[in-house]
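Take a look at the structure below.
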Amino acid sequence: TLLVADVTVKNTSTESIPMYDTDFQVQWNVDGEYDVPITYYTDAVSDQQLPTEYELAVDEERTGLLVFEVPVDQKDFSISYLELFESDTSEEGEEGDVFFVYFTAEEESEAV
């Protein structure tokens, strides 16, 4: 089934940062199962979704949908975001903090 999350992100750093919708993951159950937005696998299903790639200026805020495919029997989720910073010493960059938002999904029959 599809999980649709309405999210707002804000850049509180001192420089613009590149963002990707796949910077966000959804997790469920204690086994740590997770997935990324469906745009990793297919096209967007709504023009309200966050872009797959965008630049977030200093103090800029952006609101949009993240859409995930999740097991139909799950209701409790978290969405996480991991800070990654460019690094002169590492090709992959350096990891910063991880942020989690925990919630229980509500069933809705409306299409996205």
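Beta bridges from DSSP with both residues in the chain: antiparallel share about 95 percent, rounded to the nearest 5. With 0.36 nm allotted per residue and the present C-alpha distance subtracted, the Thr104-Glu33 stretch has 24.0 nm of extension available.
Accessible area per residue for the chain in Å², computed with a 1.4 Å probe and the full protein assembly in place, what is it?
On a per-residue basis, 71 Å².
If R0 equals 22 Å, the separation of the Cβ atoms of Ser13 and Ser78 corresponds to a calculated FRET efficiency of about 0.40.
Heavy atoms only, probe 1.4 Å: what % of the accessible area of segment 1-84 goes to carbon and sulfur, would you let me know? Before the final figure, lay out each step's value.
Values: 2310 of 5030 Å².
Answer for segment 1-84: carbon and sulfur cover 46 percent of the accessible area.
Semi-axes of the equivalent ellipsoid of the chain: what are they in whole Å, largest first, if each equals the square root of 5 times a C-alpha gyration tensor eigenvalue?
Working: eigenvalues 131, 58, 32 Å².
Result for the chain: semi-axes of 26, 17, 13 Å.
In a reduced charge model with +1 at each Lys and Arg Cβ and -1 at each Asp and Glu Cβ, the chain shows a dipole moment near 320 debye about its Cα centre. Per-residue packing, averaged as other Cβ atoms within 10 Å, sorts the ranges 14-21, 27-34 into the order 14-21, 27-34, beginning with the highest.
The values are calculated or read from the model by the stated rules, or taken from the named source; none is laboratory data. These figures come from a predicted structure and were not determined experimentally. Counting neighbours? That spans all protein chains shown, and the Cβs are built from the backbone with ideal geometry, glycine included. Please note that ligands, DNA and RNA were not included when accessible areas were found on the heavy atoms of the full protein model with its side chains. Shrake-Rupley method; radii C 1.70, N 1.55, O 1.52, S 1.80 Å.
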